[in-house]
1. Would you say residue 36 is in contact (Cβ under 8 Å) with a residue 24 or more places away in the chain, out of contact with any helix residue (DSSP H, G or I) (no Cβ under 8 Å at 6 or more places or on another chain) and closer than 16 Å to residue 77 by Cβ?
2. When you check residue 17 against the structure, is it surrounded by 11 or more Cβ atoms within 10 Å (Cβ to Cβ), in contact with a helix residue (DSSP H, G or I) (Cβ under 8 Å, 6 or more places away or on another chain) and in a loop (DSSP other than H, G, I, E, B), yes or no?
3. Check residue 83 against each of (1) out of contact with any helix residue (DSSP H, G or I) (no Cβ under 7 Å at 6 or more places or on another chain); (2) at pLDDT below 85 and name the one condition it does not meet.
């Protein structure tokens, strides 16, 4: 997937999250970020085709592929936060 396709997919995912979580008060930022992070983590694991059968929740997973993809996931989260106009600092 090229960068443009990734950006478009990210934008669609962001809009889906926002539309599903929106209330009359707006979107709870922490819930939106948590939803995106959970989906991103799930997609990373699936894309690595790791043997996940039999793993219990909270089990550690060690994978070079996950280590390589992790920074890309964090970059996507940063981009989503910018789109949501949520500023964060390193100490937070």
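1. no
2. It is false that residue 17 is surrounded by 11 or more Cβ atoms within 10 Å (Cβ to Cβ), in contact with a helix residue (DSSP H, G or I) (Cβ under 8 Å, 6 or more places away or on another chain) and in a loop (DSSP other than H, G, I, E, B).
3. (1)
The values are calculated or read from the model by the stated rules, or taken from the named source; none is laboratory data. As the structure is a prediction and not an experimental result, all values here were calculated from the model. All Cβ positions, even for glycine, are placed from backbone atoms using ideal geometry, and neighbour counts span all protein chains on display.
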